[in-house]
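The values are calculated or read from the model by the stated rules, or taken from the named source; none is laboratory data. For clarity, every value in this text was computed on a predicted model and none was experimentally measured. As a convention, Cβ positions derive from the backbone with ideal geometry for all residues, glycine included, and neighbour counts pool all protein chains shown.
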Amino acid sequence: MKSITQISSFKEGASIQGFYLCVEKHLRHTRAGDLYLDVILRDNTGTVHAKVWDKVDEYNEKFSAGNPVAVKGNVESFQDRHQLVIKKINTASVQHYGRYGYDPVLIVPASPFDSKTMWKSVVQIISKMKNTFLKKVVSSIYREHKEQLLIHPASVMMHHNYRSGFLEHVLSMAKIAEKLTPLYKVDHDLVMAGVLLHDIGKLIEISSDLEAEYTDDGNFIGHIVIGRDMVREAIVGIKGFPKELQQKLEHIILSHQGRHEWQSPKQPNFEEALLVHLIDNLDAKMNLMKLAIEEDQQVGKWTNRKNIFRAALYKGMDESE
């Protein structure tokens, strides 16, 4: 069998085959009225747009958005990006394609950091918290959701939107908080609890299947209110939890987006809440810029402007030059 080609290894003019996740699938018409399939494929190395021009009715029945797929096709270039013209496609499973090299891990983008190692680091951070009430609420929620936290993404389409992205995000934020809380002389444990719990509602807002998507609760309620409710529920089991401390922790969760136009119910109104918001925004933006640079396919030392920043981003000198 021909070797599997990952998306990051696509070259214009190449004939490839491999296993990918179908992120989107749309049945469309050309200007001449002919049907074609407009598809987005992804693996753990990148994303590519793809088209099915031939045998559209036949292949349309073979797979759906959200399915892992086995694909054969030719790589072309369209608007300075690789595009795959699919010649054959079918839903992939370990049962039918395992002997050809299919493994679900291949098609799911993941954090470059080991999830179990990140988990140990988070546990160490929690163990060093001196406020027993905050320590209990964080540890109880993290223990209850450990298996989910090991694999959960931090978002569907934005920052850290890959397997174990949630842990990567909160651990990075925690490291920043360790440096900044002494500088601003704020409550270290309150900031750390806010860092670890600000997005906890995403465990319910977002599914953690092969293709992350919003759940019904996510669409109806959203992670901010869900997270506040999860913390409230956990605090019920902690005898004597101070009311003002609970209010501050809830406020951090409700205000961490920072602005009403960013779907934040509240704006930060004390120092620890503001610091959690700023650290969250910093780490998210740095990750988004990193992803935009890594995923760009334009030749040269600058990316194209089709990214969240709507700007040409500097990639550095091309080593081949």
All but one of (1) part of a helix (DSSP H, G or I); (2) surrounded by fewer than 20 Cβ atoms within 10 Å (Cβ to Cβ) hold for residue 118; state the number of the condition that does not hold. (2)
Take the residues in region 121-152 that are touching a Ser or Thr at 6+ places or on another chain (Cβ under 7 Å) and not hydrophobic (A, V, I, L, M, F, W, C); name whichever of them is surrounded by the most Cβ atoms within 10 Å (Cβ to Cβ). 152
Taking the stated definitions as given, is residue 313 assigned by TED's automatic domain parsing to the domain that holds residue 190 and either of a type outside the set (Phe, Trp, Tyr) or in contact (Cβ under 8 Å) with a residue 12 or more places away in the chain (or both)? no
Here is a check on your reading of the model: is residue 171 within 14 Å of residue 280 (Cα to Cα) and part of a helix (DSSP H, G or I)? yes
Evaluate the following for residue 257: is it out of contact with any helix residue (DSSP H, G or I) (no Cβ under 9 Å at 6 or more places or on another chain) and either within 30 Å of residue 80 (Cβ to Cβ) or of a type outside the set (Asp, Glu) (or both)? no
Within region 62-103, residues of a type in the set (Ser, Thr, Tyr) and in a strand (DSSP E or B) come out as 77, 91
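Okay, residues lined up against (1) surrounded by fewer than 16 Cβ atoms within 10 Å (Cβ to Cβ); (2) free of Cβ contacts under 8 Å to residues at least 24 places away in the same chain; (3) farther than 16 Å from residue 135 by Cα; (4) among the β-branched types (Val, Ile, Thr):
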residue: 194; (1), (2), (3), (4): no, no, no, no
residue: 198; (1), (2), (3), (4): no, no, no, no
residue: 206; (1), (2), (3), (4): no, no, yes, yes
residue: 224; (1), (2), (3), (4): no, no, yes, yes
residue: 243; (1), (2), (3), (4): yes, yes, no, no
Considering residues that are crowded, with 16+ Cβ neighbours inside 10 Å, at pLDDT 95 or above and basic (Lys, Arg), the number found within region 1-55 is 2
Residue check: is residue 306 surrounded by 14 or more Cβ atoms within 10 Å (Cβ to Cβ), out of contact with any strand residue (DSSP E or B) (no Cβ under 6 Å at 6 or more places or on another chain) and not assigned by TED's automatic domain parsing to the domain that holds residue 201? no
Quick one: is residue 159 out of contact with any Ser or Thr (no Cβ under 8 Å at 6 or more places or on another chain), closer than 26 Å to residue 282 by Cβ, buried (at least 17 other Cβ atoms within 10 Å of the Cβ) and modelled with pLDDT under 95? yes
Among the residues of region 124-141, is there at least one that is in the same structural domain as residue 209 (by TED's automatic domain parsing), closer than 22 Å to residue 222 by Cβ and under 16 Å from the mean Cα position of the chain (by Cα)? no
Among (1) outside any strand (DSSP E or B); (2) more than 26 Å from the chain's Cα centre (by Cα), residue 106 falls short only on (2)
So, in region 65-103, of the ones that are under 26 Å from the mean Cα position of the chain (by Cα) and over 19 Å from residue 49 (Cα atoms), which residue ends up surrounded by the most Cβ atoms within 10 Å (Cβ to Cβ)? 102
